[in-house]
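K.L.:
Have a look at the structure that comes next, please.
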Amino acid sequence: ELRTKIMQAFRNRRRIRDAPKHKARSDSVGGILIESEPNPCDVIFGRGHRNPGSEVLHRLIAENFEEYESLNRGFKVRLVGTIMQNIQDQGGRFLQPASEEGGWLEVSDNNARERISQYFRNHRRLAHAHSKKVG
């Protein structure tokens, strides 16, 4: 078992060492440049950007958090997809600021899915920290 852990540590170090150092912005986002202003239904990723669509996403995450925590990975992916579809059905898009070009980037579905999953993990971390303060 110790040998397995040591070998895994070496493999992880090699992966980190051999990984590309910088991703191009278009590769990491996979987005489409949008020059118009966001709609009220759009979700805006990134700090400091408040939009009604972003508030809806945060409310959906809070409402579905307990269910998300009880699911296995495959069903978590489905729940995230359902939340994405709910927002898209209301006319919402998933955007992030395009700093160099101005305007907004509409992120790919995969990128949006990853970010929503990250929001669930952040919610877990915050709920855990809150429970430690209270208890």
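K.L.:
Taking 0.36 nm per residue of sequence separation and subtracting the Cα-Cα distance, how much length would be gained by fully extending the chain between Met7 and Glu37, in nm to one decimal? Before the final figure, lay out the partial values.
P.N.:
Working: separation 30, 0.36 × 30 = 10.80 nm, distance 5.08 nm.
Working it through step by step, the gained length comes to 5.7 nm.
K.L.:
With Cβ to Cβ distances under 12 Å as the rule, what net charge do the other residues near Met7 carry (K, R +1; D, E -1)? Before the final figure, lay out each step's value.
P.N.:
On the way: positive: Arg3, Lys5, Arg11, Arg13, Arg14; negative: Glu1.
Local net charge: +4.
K.L.:
Enter the accessible area of Asp18 (Å², nearest 10), with the probe set to 1.4 Å and all protein chains included.
P.N.:
So the heavy atoms of Asp18 present about 100 Å² to solvent.
K.L.:
Same structure again: Suppose accessible area is computed on protein heavy atoms with a 1.4 Å probe; arrange Glu106, Glu67 from highest to lowest. Show your work: numbers first, answer last.
P.N.:
Numbers: Glu106 60, Glu67 90 Å².
Ranking Glu106, Glu67 by accessible area, largest first, yields Glu67, Glu106.
K.L.:
Here is a further query. Do you know the relative contact order of the range 28-100, to the nearest whole percent, from alpha carbon pairs under 8 angstrom that are 6+ apart?
P.N.:
Details: 58 pairs, mean separation 32.4, N = 73.
It rounds to 44 percent for the range 28-100.
K.L.:
Something else: Between Asp18 and Val77, what's the calculated FRET efficiency when r is the beta-carbon distance and R0 is 25 Å? Round to 0.05.
P.N.:
Numbers: r = 28 Å, r/R0 = 1.13.
With R0 = 25 Å, the Cβ-Cβ based efficiency is 0.35.
The values are calculated or read from the model by the stated rules, or taken from the named source; none is laboratory data. Here the structure is a predicted model, which is why all the values come from computation and not from measurement. As a convention, Cβ positions derive from the backbone with ideal geometry for all residues, glycine included, and neighbour counts pool all protein chains shown. The protein model used for the area step is the full one, side chains on, heavy atoms only, and it has no ligands, DNA or RNA in it. Shrake-Rupley method; radii C 1.70, N 1.55, O 1.52, S 1.80 Å.
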